[in-house]
Amino acid sequence: MLAIDPLDWTIVQSSLHTARMHRITLSPRVRMTPFHASVVKAGVSDITVYNKMVLPTSYGDLQAEYDRLINGVAMWDVSVERQVEISGPDAHACTQYLTARDLSSMVEGQGKYVAICDHAGRILNDPVLMKLSGNRYWLSIADNDMLLWCKAIAAERGFDVVVTEPDVSPLAIQGPKAEDLLAELFGQHIRKLKYFWFEETELDGIPLVLCRSGWSKQGGFELFLQDGSRGNDLWEAVSSAGEKYAIGPGAPNHVERVESGLLSFGGDNTPDSNPFEVGMGRYVDTDTDVEYIGKAALVDVVASGGPERLFVGVEVGAELTEAWPLPERTPIMVGAEQVGTLSAIVHSHRLDRTIGLAQIKRTVVEANATVVVQTPSGPAAATITTLPFI
Ligand code: THG
């Protein structure tokens, strides 16, 4: 007998049903993106809201969108990855104080994946940090009110900086053919850009920052549009140049990101998680002289032998047909004890098996225990694996 209440999945399914049967009410509170007209023309079928802005999530054919990402090239409106710009004489000091990673060696034109924590070491965001110059940084943020946090910390600490949200909206070009396409548009030299490194450039007079980045492991770049009035021009320029590569619209892909083990901040973690518990330990510097918010707490986590939970994969012994993200985290059990939470469960097309993402107690992971997770067909046994799956 699997000791888990099957009612849990009924609740999940009613949430999924709710999402399918209801329309989203828009208002000026929910911002449109600079690519909105193009996205509608491209046939967007599903959207969500992220950083108080519309995030397109599908154009009606998830399988085609996945195939395009794995084998070709896709363009995603990820304007919702808003920038928090920190500029001024204390920009470096302020950005460093906000960031749980030693930035001393960072140079202009470089980006880094970083964790921002609160004073108890709980992760608040997992931005891509970009150093535009010695006194100007962008935090390219996940879904959370980082503008408020950064403004408050800067003011309370008396840093001589200005903290703003600039008119910058990324368009991700992802997939194995992204580099060929963008080399044609921007020059062969972009092939040499290292991961998260970037350059300021333009296309037909549209001001951009081109960065090797994006929320997939299929390779690609993001074009950070720096003039919101030119969004549809940029979309049109990229899609017409991309025709010969069969470019098409897409969105951050739920199946690929689970296969790749990419963190969805706010979804995969509980609100009290530290960076070690979301797989970001290798981006956290505790053995450093630099000071930053949460450092003492994170040093304690390391000193006490490690975090309570780990971010892991699970291989689930059940067939799955649901293709969409879970509307809530479901419990993971060993016997009658809850040992973690499941935040995603998908059918992996490439592995042809059911896989998921989970936060599970470290002792349970280290014991390599078999756990029980919720699936549409009831509780199922699952084994714990390291990430990424592919
Ligand atoms: N684009 C931009 N900003 C963002 C995201 C984005 N901010 C929030 C969120 N997404 C950041 N999340 C990630 C997570 C992982 C990666 C990129 C963005 C990633 N990681 C590589 C990996 O895991 O292999 C490399 C990391 C490394 O080694 O430094 O690509 O999508 N603008």
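The values are calculated or read from the model by the stated rules, or taken from the named source; none is laboratory data. All of these numbers come straight from a predicted model, not from anything done at the bench. Note that each Cβ is placed from the backbone with ideal geometry, even for glycine, and that neighbours are counted across all protein chains shown. In case anyone asks, the SASA skips ligands and DNA or RNA and just uses the protein heavy atoms, side chains included. Shrake-Rupley method; radii C 1.70, N 1.55, O 1.52, S 1.80 Å.
Only one residue of Gly109, Thr164, Val334 has its Cα farthest out toward the positive end of the dipole of the chain, where Lys and Arg carry +1 and Asp and Glu -1 on Cβ, and that residue is Val334. The relative contact order of region 67-189 comes to 40 percent, based on Cα pairs under 8 Å that sit 6 or more residues apart.
Remark: spin-label model distance Asp180-Thr18 equals 4.6 nm, labels positioned 7 Å along the Cα→Cβ axis.
Note that region 275-283 has calculated 3J(HN,Hα) couplings of x, 5, 8, 10, x, 9, x, 6, 9 Hz, one per residue in order, obtained from phi through the Karplus relation 6.51 cos²θ - 1.76 cosθ + 1.60 (θ = phi - 60°); glycine and proline are x.
So for the chain, considering every pair of alpha-carbon atoms, how many percent are separated by more than 35 Å? Value for the chain (Cα pairs over 35 Å): 27 percent. For the chain, the Cβ-based charge dipole about the Cα centre amounts to some 240 debye (Lys, Arg positive; Asp, Glu negative; other atoms uncharged).
In this structure, the residue pairs whose Cα-Cα separation is over 23 Å, taken from Lys112/Lys151; Lys131/Lys244; Lys112/Lys217; Lys192/Lys217; Lys112/Lys244, are Lys131/Lys244; Lys112/Lys244. Counting only aspartates and glutamates at least 8 places from Lys177 when in the same chain, those with an alpha carbon closer than 12 Å to its own are Glu243. Using just its DSSP H runs of length 4 or more, each adding -39500 (n - 2.57), the chain gives a mean residue ellipticity at 222 nm of -6500 deg cm²/dmol after division by all residues. The phi torsions of region 39-51, fed into the Karplus equation with coefficients 6.51, -1.76 and 1.60 and a -60° offset, translate into couplings of 5, 5, 4, 6, x, 3, 10, 9, 9, 10, 10, 8, 6 Hz, rounded to whole numbers, with Gly and Pro shown as x.
When a 1.4 Å probe is rolled over the protein heavy atoms, the share of accessible surface on the chain that falls to carbon and sulfur comes to 51 percent. Taking a quarter of the surface of the convex hull around the Cα atoms of region 72-231, what do you get in nm²? Over every viewing direction, the Cα hull of region 72-231 projects on average to 9.3 nm². Taking the Cα centre of region 251-390 as reference, the dipole from Cβ charges on Lys and Arg (+1) and Asp and Glu (-1) amounts to some 260 debye. One Cα centroid belongs to region 318-372, the other to region 67-142; the line between them spans 29 Å. Protein heavy-atom accessible surface, 1.4 Å probe, per residue over the chain: 43 Å². Charge dipole of region 1-82 (Cα centre as origin; +1 on each Lys and Arg Cβ, -1 on each Asp and Glu Cβ, all else neutral): 500 debye, rounded to the nearest 20.
Taken along the Cα-to-beta-carbon direction at a fixed 7 Å, the label points for Glu366 and Lys41 span 5.8 nm.
Using a Förster distance of 30 angstrom, determine the FRET efficiency expected from the C-beta separation of Thr25 and Glu322, and round it to 0.05. The formula returns an efficiency of 0.75 here. For region 1-87, trypsin sites (Lys or Arg not before Pro) meeting the loop criterion (DSSP other than H, G, I, E, B) and having at most 14 other Cβ atoms within 10 Å: Arg23, Arg29, Lys52.
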